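Here is the structure we will look at.
The values are calculated or read from the model by the stated rules, or taken from the named source; none is laboratory data. Treat the numbers as computed from the prediction; the structure is a model and nothing was measured. With ideal geometry, Cβ positions are generated from the backbone for all residues, glycine too; neighbour counts draw on all protein chains shown. Heads up: the accessible areas ignore ligands, DNA and RNA and are worked out on the full protein's heavy atoms, side chains in. Shrake-Rupley method; radii C 1.70, N 1.55, O 1.52, S 1.80 Å.
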Amino acid sequence: QKLEIRQHPKLGIYVPGLTETPVANYLEVKKLQEFGAKCRSVAATSMNDRSSRSHCVFVFEMVCKKGKQQLFSKVNLVDLAGSERQKRTQAEGDRLKEGAMINQSLTNLAIVINKLAEAQTKKKGDFVPFRNSKLTYLLSESLSGNSKTVMMAAISPAADSYDESMSTLRFAQSVKAIKTRAVKNEESSGATVDMLKAEVAKLKEMLGGGGSGGAGGGEHVDVLKQQLQESEALAAKLQKSYEETVVEAQAMEDLRKNALDDMGLSFSEIEEAYGVKQNTPH
């Protein structure tokens, strides 16, 4: 399923249709991280027999409810695939196309970082092209505004990796120039649901006038229908009880276990092969 990135004026960046699973302890979080890592696209190149062919983003959301009020925070854990030079990786075919896409997304990230760094020294910042890539769009809240962001740069001590190491260090220097400020996200859960219900009612009203030309052409009607579907899904998500989310999470856990079994990557087989338990630290 192709997932699209959306931005809500109140809820911020989100991905409609993305599976979300409630967790109660560290082991449940670790299990989800391991599942995601096992499903990540990797392939062999001349430089690395397990080269990452995609970026990886793990999103952890925490909601603390105090009566009718709730505190909300979100953590994005991001593992970026490294930039590649075809002469060194000897990539061909699909590997070459993957490397080109990785380099393109990293270039867009560098452009965004540079624009944000320049904005720190200007009274009026330039336009920041967050939407030029899905990576920067997804991470736009972490890269600017209401956030605390930490970047770890991986460099190589090898002499033949000097250019790549210097490029990484220059990129990290630009990141250090960006200043962000985190503030408390506190609001009424009922107010957010009411706002989404009002959006749904407005979209239905606009669609109701579609037959008489009130909603514009066919393409505009399709856009409104998609917005309506996404708003209804957001409202339904926020109205679910904790018990309902737990039941859905258990069903998804069964699907993940079956998927790992099909790939020969079940937790029991991994434990037997390496002689370690799930709660053994790395």
If I model a spin label at Lys97 and Lys122 as a point 7 Å from the Cα along the Cα→Cβ vector, what separation in nanometres do I get? 3.7 nm
At a 1.4 Å probe, what is the % contribution of carbon and sulfur to the accessible area of the chain? 54 percent
Which of the aspartates and glutamates could be linked to Lys10 by a straight reach, that is with a Cα gap under 13 Å, when you skip same-chain ones fewer than 8 residues away? Glu141, Glu186, Glu187, Asp194, Glu199
Can you compute the charge dipole magnitude of segment 146-199 about its Cα centre, using +1 on each Lys and Arg Cβ and -1 on each Asp and Glu Cβ, nothing else charged? Give it in debye, rounded to the nearest 20. 300 debye
Subtracting the Cα-Cα distance of Ile111 and Asn25 from 0.36 nm times their residue separation yields 27.2 nm
Linear extension gain, Asn185 paired with Lys134, 0.36 nm per residue minus alpha-carbon span: 15.9 nm
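Suppose R0 equals 30 Å; then what is the FRET efficiency for Asn76 and Leu207 from their Cβ-Cβ distance, rounded to the nearest 0.05?
It comes out at approximately 0.30.
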Figure the gain on full extension for Arg88 and His8 (residue separation times 0.36 nm, minus the Cα-Cα span) and round it to one decimal in nm. 24.6 nm
Student exercise: in segment 44-168, how many lysine pairs 8 or more apart or on different chains have Cα atoms under 25 Å apart? 17
When ligands, DNA and RNA are left out and all protein chains stay put, how many square angstrom of accessible area per residue does segment 1-61 have with a 1.4 Å probe? 62 Å²
Per DSSP, the loop-located trypsin sites (Lys or Arg not before Pro) within segment 39-104 having at most 11 other beta carbons within 10 Å are Arg50, Lys68
Read-out Kirkwood radius over Cα pairs in Å, candidates [x] 20.1; [y] 23.7; [z] 22.3; calculated match is [z]
Residues in segment 37-76 near a label at Ser241, defined as backbone nitrogen under 20 Å from the 7 Å Cα→Cβ point? 63-70
